[in-house]
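Accompanying notes for the structure given below.
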Amino acid sequence: MPATLTDDALIRRRAAVTRFVRDRYGLRGTLRLHRAALGLDLLRAPINVMLSPVFLLTRLGGWLLSRFGAERAGGWLAARRVFLPSDMGRVIERDLLALIADLDTQGIGPNAPTEAVRHQAATLAETRNAVAEITTSLIVLVSGWLLFNRATPGVISLAGPLAELRAHATAVNDFLLGNTLGRAWYWAFPVELSPWQVILTGVALAVAGSLVTTFAGLIADPVQLWTGTHRRRILRLLDRLDRAEPAGGIEREHLLARAGDLSDAALMLWRNLR
């Protein structure tokens, strides 16, 4: 922290951040925030979900380059904005910029360069998206346990069982001798599932999952407010601006979101090998 920021100033800063997160991420605040997603964000969401691995690769590449001495190239790569800008992301960035400007006016802000503040605001919006992806993965996991009594950490592992369930239901309904005999017949002779049925089911689930991710903050925001996660995240952001840390690094939320995808793919591979 800078020497001019006294203990009293720190207390005032923390109180201002607490009021901010309570207003923006409580039940009413998150409902207001998600109004911005009722538009083109619904079309951007599937693309941004597909770009998530690219985002992680750019951050990892930037970190590795910096570690091996190519700090300029690493900083450039880490600063690339991969995701399509969303209306809700713009609202999040705008609100955070207003908070930091207000803190600066009161003499308790980081007084950092405008470009650095904007970068950190964009980083916060991206981190929030990663949390939304984690929330969606948890929803998919719970759905898999409830429907199929099996672990489904992502849409890849859920696509097979769901396609099988849909194909079975369709075959039973189309059975010439009625549904009762159809269930008996397909219990003895399971429906053969084509790869295309699984692929199409996976694509439909991916699109649906991206829409769920867009509004997952309605669940994740209040939970993070109650646990203090939003408050700690913004205070860490202000601390980085205080210390003028260079752009780069990977928030742990992004690693957790991609860990779910990797475990999903690994689980599907293991089941296929078995």
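The values are calculated or read from the model by the stated rules, or taken from the named source; none is laboratory data. Keep in mind the model is a prediction, meaning the values are calculated, not measured. With ideal geometry, Cβ positions are generated from the backbone for all residues, glycine too; neighbour counts draw on all protein chains shown.
When you look at residue 191, is it in contact with a His (Cβ under 9 Å, 6 or more places away or on another chain), over 26 Å from residue 118 (Cα atoms) and modelled with pLDDT under 90, yes or no?
Spelling it out, residue 191 is indeed in contact with a His (Cβ under 9 Å, 6 or more places away or on another chain), over 26 Å from residue 118 (Cα atoms) and modelled with pLDDT under 90.
Go through the residues of the stretch 154-162 one by one and say whether even a single one is on the phi < 0 side of the Ramachandran plot, not hydrophobic (A, V, I, L, M, F, W, C) and not in a helix (DSSP H, G or I).
Yes, because at least one residue in the stretch 154-162 is on the phi < 0 side of the Ramachandran plot, not hydrophobic (A, V, I, L, M, F, W, C) and not in a helix (DSSP H, G or I).
What residue, of 116, 70, 45, 36, is more than 16 Å from the chain's Cα centre (by Cα), at pLDDT below 85 and either exposed (fewer than 15 other Cβ atoms within 10 Å of the Cβ) or aliphatic (A, V, I, L, M) (or both)?
Numbers: 116 fails: at pLDDT below 85; 45 fails: more than 16 Å from the chain's Cα centre (by Cα); 36 fails: at pLDDT below 85.
None of the other options fit; the residue is 70.
So residue 2 ticks every box in (1) over 18 Å from the mean Cα position of the chain (by Cα); (2) modelled with pLDDT of 90 or more but one. Which box is left unticked?
Here residue 2 meets the rest and fails (2).
Of all the residues that make up the stretch 73-107, how many are β-branched (Val, Ile, Thr) and modelled with pLDDT under 90? Can you show your working first?
To start, the set of residues in the stretch 73-107 that are β-branched (Val, Ile, Thr) comprises 82, 91-92, 100, 105.
From what's left, modelled with pLDDT under 90: 82.
Looking only at that region, the number is 1.
From the set of residues in the stretch 147-163 that are in contact with a Gly (Cβ under 7 Å, 6 or more places away or on another chain) and of a type in the set (A, V, I, L, M), which is farthest from residue 198 (Cα to Cα)?
151
How do the pairs read when you match residues in the stretch 6-26 that are at pLDDT 95 or above with residues anywhere that are exposed (fewer than 12 other Cβ atoms within 10 Å of the Cβ), using Cβ under 6 Å and keeping only pairs 6 or more apart or on different chains?
none
Kindly check whether there is at least one residue in the stretch 56-64 that is of a type outside the set (S, T, N, Q), more than 19 Å from the chain's Cα centre (by Cα), over 28 Å from residue 154 (Cβ atoms) and exposed (fewer than 15 other Cβ atoms within 10 Å of the Cβ).
No: zero hits.
Does residue 181 satisfy the criteria of being in a loop (DSSP other than H, G, I, E, B), farther than 23 Å from residue 48 by Cβ and at pLDDT below 75?
For residue 181, the condition - in a loop (DSSP other than H, G, I, E, B), farther than 23 Å from residue 48 by Cβ and at pLDDT below 75 - is not met.
Can you tell me which residue among 84, 141 is surrounded by 15 or more Cβ atoms within 10 Å (Cβ to Cβ) and within 23 Å of residue 258 (Cα to Cα)?
On the way: 84 fails: surrounded by 15 or more Cβ atoms within 10 Å (Cβ to Cβ).
The match here is 141.
Name every residue in the stretch 82-111 that is free of Cβ contacts under 8 Å to residues at least 40 places away in the same chain, in a helix (DSSP H, G or I) and either within 17 Å of residue 31 (Cα to Cα) or within 28 Å of the chain's Cα centre (by Cα) (or both), in order of residue number.
93, 94, 97, 98, 101
Could you list, in sequence order, all residues of the stretch 112-143 that are among the polar types (S, T, N, Q) and free of Cβ contacts under 8 Å to residues at least 60 places away in the same chain?
Of the stretch 112-143, the ones among the polar types (S, T, N, Q) are 114, 120, 123, 127, 129, 135-137, 143.
Correct list: 114, 143.
For the list (1) at pLDDT 75 or above; (2) on the phi > 0 side of the Ramachandran plot, I need the number of the one condition that residue 227 fails.
For residue 227, the failing item is (2).
Given the criteria in a helix (DSSP H, G or I) and modelled with pLDDT of 85 or more, does residue 123 qualify?
Yes; evaluated as a whole, the condition is true for this residue.
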